[in-house]
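Participant: If you scroll down you'll find the structure; I have some questions about it.
All of the numbers you see were taken from the coordinates with simple rules; none came from a lab. Note that this is a predicted model, so its numbers are computed, not measured. All Cβ positions, even for glycine, are placed from backbone atoms using ideal geometry, and neighbour counts span all protein chains on display.
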Amino acid sequence: MNAEQLHPAKSHFYNDERFRAVIYQLVTALLVAALGYYLISNVQENMAKQSIASGFGFVDKEAAFEIGESLIDYSAADTYGRALLVGVINTLKVSAIGMVLTTILGAFIGVCMLSSNWLVSRLGFMYVELFQNIPVLLQLFFFYALFYEAFPGPRQALNPIPGLFITNRGIDFGVPAADPVWGMVIWVLVGAVLLSYGLKRWATWRQRTTGRQFPVFWVSTAMLLFLPLVVWLAGGAPTEMDVPVLSGFNFKGGLNISPEFSALLIGLVLYTASFIAQIVRAGIQSINRGQTEAAMSIGLKPGLVLQLVIFPQALRVIVPPLTSQLLNLTKNSSLAVAIGYPDFVQVAGTTINQTGQAVEGVALMMMVYLSFSLTTSAFMNWYNRRIKIVER
Amino acid sequence: MNTMESSREIRPPSNNVGVVGWLKHNLFNGVFNSIITLVVLAVLIRVVPQFIQWAFIDAVWFTSGKECHEASGACWSVVTKNIRFNIFGYYPYDQQWRPLLAMLLLVGMLAYSRDWKRWNKKLGYGWLLALFVMGVLMKGGLFGLEPVETTKWSGLPLTLLLSFFGIAASYPLGVLLALGRQSDMIIIRSLSVVYIEMIRGVPLITLLFMSSVMFPLFLPEGVTIDKVLRAQAAIILFTAAYIAEVVRGGLQAMDKGQYEAAESMGLNYYQTMRLIILPQALKIVIPPTVGILISAFKDTSLVVIIALYDILNTTKSILNTPEWTGFSTEAYIFIAIVYYLCCFSMSQYSRRIEK
């Protein structure tokens, strides 16, 4: 063996890994930049030729189109900006209600799938198989068609319970008539919730320091029930209800939920729940049986085993995939455009059609959904950190 | 001896075995469970016979829309009378054997390729040939076949086309993105991260809108790209981001020793990935990947919104004709079954190859 073999000639610089990495990256960056420049210059040229305005100036112009339902005051004389805001609020409304309902339904079905009752667990599995394997858009069309085809007109309204009417114009139900007392009741309820939370923390602290327990559950329940009740009684106990009444061809009074909103909500909730059920089932099954046995052997009651041992651990497995499913629900709410619910995508789509400013419109859509996604995942990450195992 | 013999003869109590035992164990173990069983049974008894009555006994199968309105049960005629339009859409009527043949060819090739052991170079060439034949069958213009424009492609062939190419093209792109995200090169990594997170943060609909209303503005004047192709590109770009996230999970699950062993054998990056890392990483993530592919298949139905006529949209246009309005339930149940069968067979296949 001679010296030359032990110390080989220095390799060329273009064989150096680091040098190559720099070159690869420069080439990629240049390609991306060139593509971006090419596309943008094309857009500018095309927009100039078709005399389409650019920029977001259109948000201050008059929208001149009506929106079917809105939580804030809106008319066709308002600006595009306000129309888009209505869209955002409508999207938020259906997503927020949908998230709550789908989590409850999904958790319920997930627990059903694990039931020792054969019938119940079979039905749970059937539900999941069925709803997971059918496109959500088809489900939305199906439920929407159910409203305008299968349900009767207002004169023959279905009336399953007094005060609730299901028709092809949506769902109408009675609500308590407006009275200042109800506002106070709601504030007292909020106060009671906060108070119970404080009580829980205080009870935990006391148990840690003195070992004495405090019946938090019963006291909180009593507070939540009785404080609002007392306020209601003190305010003169208003019992008047605002019940929908048939007048002419439609219902007057009460609260109306449009068929578009109902179909969208039902479709999204049922579809997403089938995925959440699987997540919840997997989460509970991931907890070792030994945990249950250990908890029982130290003398915890079955309810406490679930509350203190199984649930906190299962939650850690459940939360990350649950987050992505809830985000999916928000994103899928954009399918509203297909059944005519005025969500953000629909309003933005109308705006694009009227102004021709497709680039800005699509960019707005993406920005809005990106910010929803980022906010939700930020919140869920915070929650996830909170429930993480604190190891010594 | 005597005691042993008699103990052998003692059988378990009759209410612990057989049908009764099974019922007792699975449906009536405890008061609470018994009540639930009875309630569920009561609901089923009310609902199921009614459904059977509607769907089968009172149903009409091959009548005109007028007779359907008089029938008290389901009107499956909306499916049977319109089946050719429902499946083939606006494809020229006398040429519809061509998409049928193309679909049969696709299904046949998929069925043959389902076994890993048959995967070799010859099968690869077979697929190239099959894709070429399918393309010629659909598009025409060669071998004396009448040319058919892509705007006429619709119904089930369009759904299968969008999902097959969506899945086939997004998979390698997704793997590349996942490798990019794991790369040490900062520019490539950040580009991949931005791409993946941005796509995953927005609904598919915005990408489809982009492809249908925004993309034409991006092209120089005079150049147009086919609408089907644009939607196809949107589906591929969307699915790739999700596949990238799944594959990244597989790459992160790989043991560091695998990389070190490959390096110590003198393999370069490309060889390490192709021969050592990817075969193992991709195998770990088969179940979530199939989940993504199933949702990609279901998501092709979203092209309804940009007015492409996939099988969902052909159904909708049947329901818009005056003769067949009002039978949405039946028509939607039919295509729900079509989608269900496709998705179900995909998930069954993934369960089989997992074993």
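Participant: When you take every Cα atom in the range A:178-239, what is the radius of gyration, and what is Dmax, the widest Cα pair distance, in Å?
Facilitator: Cα radius of gyration and Dmax of the range A:178-239 are 14.6, 48 Å respectively.
Participant: For chain B, taking Cα atoms only, what is the radius of gyration to one decimal and the Dmax to the nearest whole Å?
Facilitator: Radius of gyration, then largest Cα-Cα span, for chain B: 27.3, 101 Å.
Participant: While we're here: Over chain B, with a Gaussian network built from C-alpha contacts below 10 Å, which listed residue (B:218, B:297, B:56) shows the highest mean-square fluctuation?
Facilitator: Of B:218, B:297, B:56, the most mobile in the Gaussian network model is B:218.
Participant: With the calculation restricted to Cα positions, what are the radius of gyration and Dmax of the range A:224-288 in angstrom?
Facilitator: For the range A:224-288, the Cα radius of gyration and maximum Cα-Cα distance read 21.1, 62 Å.
Participant: R0 = 60 Å: FRET efficiency of residue B:46 with residue A:17, Cβ-based, nearest 0.05? Write out the running numbers ahead of the final one.
Facilitator: Working: r = 72 Å, r/R0 = 1.20.
Once rounded, the FRET efficiency stands at 0.25.
Participant: Here is a further query. What's the center-to-center distance, using Cα atoms, between the range A:177-231 and the range B:232-288 in Å?
Facilitator: So the two Cα centres are separated by 53 Å.
Participant: Let me ask something additional. Place a point 7 Å from Cα of residue B:259 in the direction of its Cβ. Which residues in the range B:168-187 have their backbone N less than 13 Å from it?
Facilitator: B:179-185
Participant: Right, something else. In a Gaussian network model over chain B where Cα atoms closer than 10 Å are linked, find which of B:28, B:88, B:62 has the largest mean-square fluctuation.
Facilitator: B:28
Participant: Please compute P(r) over all alpha-carbon pairs of the range A:286-366, binned at 10 Å starting from zero, and give each bin as a whole-number percent.
Facilitator: 16, 26, 16, 13, 14, 12, 4
Participant: Here is a follow-up. Which whole-percent values make up P(r) of the range A:35-110 when all C-alpha to C-alpha distances are grouped in 10 Å steps starting at zero?
Facilitator: Per 10 Å bin, starting at 0, the Cα pair percentages come out as 16, 25, 22, 22, 12, 2.
Participant: Now for a different question. Ignoring everything except DSSP H segments at least 4 long, calculate the 222 nm mean residue ellipticity for chain A; use -39,500 (n - 2.57) per segment, divide by total residues, nearest 500. List each step's numbers first, then the result.
Facilitator: Values: 13 runs with 250 residues, N = 392.
Per the formula, -22000 deg cm²/dmol.
Participant: By count of other Cβ within 10 Å, fewest leading, how are A:220, B:301 ordered?
Facilitator: Details: A:220 18, B:301 25.
In increasing order of surrounding Cβ atoms, one gets A:220, B:301.
Participant: Would you mind telling me which residue in B:232, B:95, B:258 has the biggest mean-square fluctuation in a Gaussian network model of chain B, where springs connect alpha carbons within a distance under 10 angstrom?
Facilitator: Maximum among the listed residues: B:258.
Participant: Quote to one decimal, in nm, the extra length available between residue A:316 and residue A:31 on full extension: 0.36 nm per residue of separation minus the C-alpha distance between them. List each step's numbers first, then the result.
Facilitator: Working: separation 285, 0.36 × 285 = 102.60 nm, distance 4.27 nm.
Roughly 98.3 nm would be gained on extension.
Participant: With the radius of gyration and the Kirkwood radius both derived from the Cα set of the range A:72-221, what is their ratio Rg to Rh? Let's see the in-between values first.
Facilitator: Values: Rg = 22.8 Å, Rh = 21.2 Å.
Using only Cα positions, Rg/Rh for the range A:72-221 is 1.08.
Participant: At 15 angstrom or more along the helix axis (alpha-carbon based) and mean Kyte-Doolittle of 1.0 or higher, what helices does chain A contain? Whole DSSP H runs only. Each step should come with its number before you reach the end.
Facilitator: Values: long enough: A:17-49 (48 Å, 0.57); A:80-113 (48 Å, 1.60); A:118-132 (21 Å, 0.83); A:180-210 (44 Å, 0.47); A:216-234 (26 Å, 2.21); A:259-285 (38 Å, 1.24); A:311-332 (29 Å, 0.32); A:344-355 (16 Å, 0.37); A:358-387 (43 Å, 0.66).
Going by DSSP H runs, the hits are A:80-113, A:216-234, A:259-285.
Participant: Moving on to the next point. Give the relative contact order (percent, whole number) for the range B:156-308; include only Cα pairs under 8 Å separated by 6+ residues.
Facilitator: Numbers: 135 pairs, mean separation 52.4, N = 153.
After rounding, I find 34 percent.
Participant: Would you calculate a helix-derived [θ] at 222 nm for chain B, using -39,500 (n - 2.57) for each DSSP H run of n ≥ 4 and dividing by the full residue count, to the nearest 500?
Facilitator: After summing the helix terms and dividing by the residues of chain B, the value is -21000 deg cm²/dmol.
Participant: Please give me, ordered by residue number, the chymotrypsin sites (Phe, Trp or Tyr not before Pro) of the range A:172-265 that lie in loop per DSSP and have at most 13 other Cβ atoms within 10 Å.
Facilitator: A:249
Participant: While we're on this one: Taking the Cα atoms of chain A, what is the range of coordinates along each of the three principal axes, in descending order and whole Å?
Facilitator: Taking the Cα atoms of chain A, the three principal extents are 100, 72, 43 Å.
Participant: Still on this model: Output the lone cysteines of chain B: those with no second cysteine's C-beta under 4.7 Å from their C-beta.
Facilitator: B:342, B:343
Participant: Which value, to two decimals, describes the C-alpha radius of gyration of the range B:156-308 once divided by 2.2 N^0.38 Å?
Facilitator: On the way: Rg = 17.5 Å, N = 153, 2.2 N^0.38 = 14.9 Å.
Here the answer is 1.17, to two decimals.
Participant: Report, to one decimal in Å, the Kirkwood hydrodynamic radius for the protein assembly as shown based on all distinct Cα pairs.
Facilitator: Values: mean 1/r = 0.0326 Å⁻¹.
Evaluated on the protein assembly as shown, it is 30.7 Å.
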